[in-house]
Amino acid sequence: MMDERREEERKNITLDVRWEGGSGRHAARISDLSLGGCYLDTLGQVEVGEVIGVEIKLPSGEWLPLRGTVAFHHPGLGFSICFTFLTDEEQYQLTQIINS
């Protein structure tokens with residue numbers, strides 16, 4: 001069993017997301033989210049440590065662009081990322097999603 005490494009409380013949630021990494025652009029779903037990162041359900045291939053761009057579809061229909069580093073990859077199921085370089089506005093937007 002994997003040890004929990006997140007410091008922030010995570011929320012089980014389903015959100016559409018687009019992401020781009022070394023293997024190209026992909027559509028996916030987020031299955032849990034925190035201010036520190038998220039888990040993407042996707043068949044796309046990544047490498048642990050890879051920096052990827054993600055765009056989360058907000059309830060308003062707008063897309064929130066973020067960046068993250070791949071922390072864990074479960075081939076065929078998905079991967080988790082730790083958000084990097086979050087601005088105050090990005091943190092605010094994530095807080096709104098988590099608290100909704």
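Quick note: the coordinates plus some simple rules give every number you see, no bench work behind them. Computed from a prediction, not measured in an experiment: that's the story for all the values here. Neighbour counts run over all protein chains shown; Cβ positions are idealised from the backbone, glycine included.
In segment 54-100, the C-alpha radius of gyration followed by the widest Cα-Cα span (Dmax) gives 12.0, 34 angstrom.
Give the Kirkwood hydrodynamic radius (Å, one decimal) of the chain, defined as one over the mean of 1/r across all pairs of different Cα atoms. Walk me through the numbers on the way to the answer.
On the way: mean 1/r = 0.0744 Å⁻¹.
By the Kirkwood definition, the hydrodynamic radius is 13.4 Å.
Relative contact order of segment 38-87, please, whole-number percent, based on alpha carbon pairs below 8 angstrom and at least 6 residues apart. About 41 percent, as a whole number.
Within 12 Å, Cβ to Cβ, of E90, how many net charges do the neighbouring residues add up to if Lys/Arg are +1 and Asp/Glu are -1? Let's see the in-between values first.
Details: positive: R67; negative: E55, D88, E89.
Result for the local shell: -2.
Each stretch of four or more DSSP H residues adds -39500 (n - 2.57); spread over every residue of the chain, this sum gives -3500 deg cm²/dmol at 222 nm.
How high is the relative contact order of the chain, in percent, with contacts defined as C-alpha pairs under 8 Å that are six or more residues apart?
Working: 207 pairs, mean separation 23.2, N = 100.
Contact order relative to length: 23 percent.
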